[in-house]
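Below is one structure; the comments refer to it alone.
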C-alpha cells in the first residue's frame, strides 16, 4: 500500500510531500487510515534539528504526529481495536 507523507531528508531541509510504502500491520499493530493531520511545534523542532541530540533519527523522517483517522487493518494478536462507533465525529 502507498500513501503520502511529509518527510525530511535531513535536519534543516524543508519537508517534502513524498509517496511512502505502508507495510501490512505486524502482530500487535493497528493500521490507521489518516483522515486529518497537522504539523505541530514538536515537528518543527525535529525539522529544525533542535531535538537532534534527544532522539536517534533514521532519515528520511516522516513528520506529523497529531492525526485523526479510522482503523484500516488489524495485525494478529490485536484484541481491542477501536470500533467504528468510536470514530471522532470529524472522521465519519
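The values are calculated or read from the model by the stated rules, or taken from the named source; none is laboratory data. This is a predicted model, so every value here is computed, not measured. Because the Cβ atoms are built from the backbone with ideal geometry, glycine has one as well, and the counts that use them run over all protein chains shown.
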Considering only residues that are free of Cβ contacts under 8 Å to residues at least 40 places away in the same chain and assigned to a strand (DSSP E or B), which ones fall in region 18-29? 19, 21
Output the number of residues of region 30-50 satisfying the condition of being over 30 Å from residue 74 (Cα atoms) and surrounded by 14 or more Cβ atoms within 10 Å (Cβ to Cβ). 2
One residue is enough: does region 44-65 have a residue meeting the conditions free of Cβ contacts under 8 Å to residues at least 24 places away in the same chain, part of a loop (DSSP other than H, G, I, E, B) and touching a helix residue (DSSP H, G or I) at 6+ places or on another chain (Cβ under 7 Å)? yes
Inside region 4-17, can you point out the residues that are surrounded by 14 or more Cβ atoms within 10 Å (Cβ to Cβ) and either in a strand (DSSP E or B) or in contact with a strand residue (DSSP E or B) (Cβ under 6 Å, 6 or more places away or on another chain) (or both)? 5, 6, 7, 8, 15
Given (1) out of contact with any helix residue (DSSP H, G or I) (no Cβ under 7 Å at 6 or more places or on another chain); (2) at pLDDT below 90, index of the condition residue 69 fails: (1)
